[in-house]
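In what follows, a single structure is set out as C-alpha cells and then discussed.
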Amino acid sequence: MIIDAHMHVGHENLISEDMVSFLKGKGLWKEMHHRLSPEGVTEALDEAGIERGIIFPLTFSPPHGSWQALNDMTAAYVRTYPDRLIGFAVVNPREVAQSVAELERAVGELGLRGIKLHPSMQEFYPNDEAFFPVYEFAQARGIPVLCHTGASAPSHPDKYSHPLLLDEVAVKFPELRLILAHAGRPMYAEAALLLRKHPHVYADLCANVGRRDGEALLAYVLLALKVYAGATSRLLFGSDYPIFWPADFLAQVRAAVHGDWARRLGLQAISDDELEMILGGNISSILSTFDENRGT
Ligand SMILES: [Zn+2]
C-alpha cells in the first residue's frame, strides 16, 4: 500500500491571511480552494494511484476561531473519507497545557493519529523544555510527531527549524517516533546524523526537488540517508500536497531510485523491497505502534 505521509488541507476561514494572499498572488487560490478540500485531496491520491494520505492544516493561526478548530476540520475530512485519510493534530507552542488537553481530545475523541509541528511558522524552538509535555504525551501514547525541518517560506525564520534542534528532543525522548519533514532540506548531513544516532527518528522526502535536476537531489538525499545512516526502514514518501503533486513526486522518487542518477550515484543499493517500504510500509509500522499502545 502506498501512503502519502505529508499532505496539507485547509478551509478558507481557517487559513492564515498571509497564506491566502500568497496563494492569490500566485494565481493559485481559486484552484487551491478545491485542492485543499476533502474531494481535492482524494482526487490527487486517485490520480497518483495512492491508497491513503496523512493530512494536516496548511497554516496554524486561523483568522477566525480557535487553533483547536483546525483539529475539528482535519477530523471532519477524515470522517468524510475514513478509508483514505489519516489526520494529524496541531498544537500551540504558546499554550502548552492547553495543547496537551487538546491532544487528549484530538486523539481520544477526534481520532487523530499524530502531531504536526512547524517551528518556523509557529516561531518556537522545538527543543524548548517548556514544550516537552507535548513530547511526553506523544511518547507515552506512541503518537508520531512530524516536525518541519530546514528551509521554509521567505516570511518565516528558519532558525527554529534546524534539524539539530531535534537531536536534544530525541536524546530526551528516545522512544518518541520523531519524523524530520523534508529530511532537513538542505541540511541532509544533519538529518543523517540524527537518523544514524537515534533508532526512532525518521525522515520524509517531500519537497526535495531542487531548482534543477530534482531527481539528482532526491537520489543524493536517499544515498546520504541510506549509506551514512542505514535508514531505508525509516524513510517516508510524502508529497507536501498541494504545493507539490503526489503523482509527479511519486514518479520522481521512483526515477531517483531506478534512473540514471541512481546508477551514477551508486543507488542500485536501494532494492525494490526497500522502495516499497519507503512508499508505505515504514509509515504503516509507525502507525501500528500507536495502535498497539491504544490496544486496538
Ligand atoms: Zn508541508
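The values are calculated or read from the model by the stated rules, or taken from the named source; none is laboratory data. For clarity, every value in this text was computed on a predicted model and none was experimentally measured. As a convention, Cβ positions derive from the backbone with ideal geometry for all residues, glycine included, and neighbour counts pool all protein chains shown.
Taking residue 146, is it under 15 Å from the mean Cα position of the chain (by Cα) and within 14 Å of the ligand (Cβ to nearest atom)? If you could, list the steps in order and put the result at the bottom.
Values: under 15 Å from the mean Cα position of the chain (by Cα): yes; within 14 Å of the ligand (Cβ to nearest atom): yes.
The answer is yes for residue 146.
Scanning the stretch 262-274 turns up at least one residue that is within 22 Å of the chain's Cα centre (by Cα) and either surrounded by fewer than 19 Cβ atoms within 10 Å (Cβ to Cβ) or within 16 Å of the ligand (Cβ to nearest atom) (or both). The sole residue among 159, 197 that is within 23 Å of residue 230 (Cβ to Cβ), among the basic types (Lys, Arg), out of contact with any His (no Cβ under 8 Å at 6 or more places or on another chain) and more than 16 Å from the ligand (Cβ to nearest atom) is 197.
For the stretch 222-243, a tally of residues being surrounded by 19 or more Cβ atoms within 10 Å (Cβ to Cβ) and within 16 Å of the ligand (Cβ to nearest atom) returns 7.
In this structure, is residue 207 away from the ligand (no atom under 16 Å from the Cβ) and surrounded by fewer than 24 Cβ atoms within 10 Å (Cβ to Cβ)?
no
Against the definition (modelled with pLDDT under 90, buried (at least 24 other Cβ atoms within 10 Å of the Cβ) and either more than 15 Å from the ligand (Cβ to nearest atom) or assigned to a helix (DSSP H, G or I) (or both)), how does residue 216 come out, yes or no? Show your work before the answer.
Working: modelled with pLDDT under 90: yes; buried (at least 24 other Cβ atoms within 10 Å of the Cβ): no; either more than 15 Å from the ligand (Cβ to nearest atom) or assigned to a helix (DSSP H, G or I) (or both): yes.
Answer is no for this residue.
Here are some residues: 174, 154, 133. Which one is more than 19 Å from the chain's Cα centre (by Cα), more than 20 Å from residue 205 (Cα to Cα), modelled with pLDDT under 95 and not polar (S, T, N, Q)? Give the steps one after another, and end with the answer.
On the way: 174 fails: modelled with pLDDT under 95; 133 fails: modelled with pLDDT under 95.
Within the list 174, 154, 133, the selection yields 154.
In the set 83, 18, 46, only one residue is out of contact with any helix residue (DSSP H, G or I) (no Cβ under 9 Å at 6 or more places or on another chain), in contact (Cβ under 8 Å) with a residue 60 or more places away in the chain and not hydroxyl-bearing (Ser, Thr, Tyr); that residue is 18. In the set 23, 28, only one residue is within 16 Å of the ligand (Cβ to nearest atom), more than 22 Å from residue 83 (Cβ to Cβ) and in contact with a helix residue (DSSP H, G or I) (Cβ under 8 Å, 6 or more places away or on another chain); that residue is 23.
Residue check: is residue 94 closer than 26 Å to residue 294 by Cβ and among the charged types (D, E, K, R)? Explain how you work it out, then say what you get.
Working: closer than 26 Å to residue 294 by Cβ: no; among the charged types (D, E, K, R): yes.
No.
Do we find a residue being outside any helix (DSSP H, G or I), small (Gly, Ala, Ser), surrounded by fewer than 19 Cβ atoms within 10 Å (Cβ to Cβ) and at pLDDT 95 or above anywhere in the stretch 101-122? Yes: the stretch 101-122 contains one or more residues that are outside any helix (DSSP H, G or I), small (Gly, Ala, Ser), surrounded by fewer than 19 Cβ atoms within 10 Å (Cβ to Cβ) and at pLDDT 95 or above. In this structure, residue 189 does not qualify as part of a helix (DSSP H, G or I), surrounded by fewer than 22 Cβ atoms within 10 Å (Cβ to Cβ), within 18 Å of the chain's Cα centre (by Cα) and of a type in the set (Gly, Ala, Ser). Counting only residues that are of a type in the set (Phe, Trp, Tyr) and not in a helix (DSSP H, G or I), which one in the stretch 244-261 is surrounded by the most Cβ atoms within 10 Å (Cβ to Cβ)? Out of the qualifying residues, it is 244.
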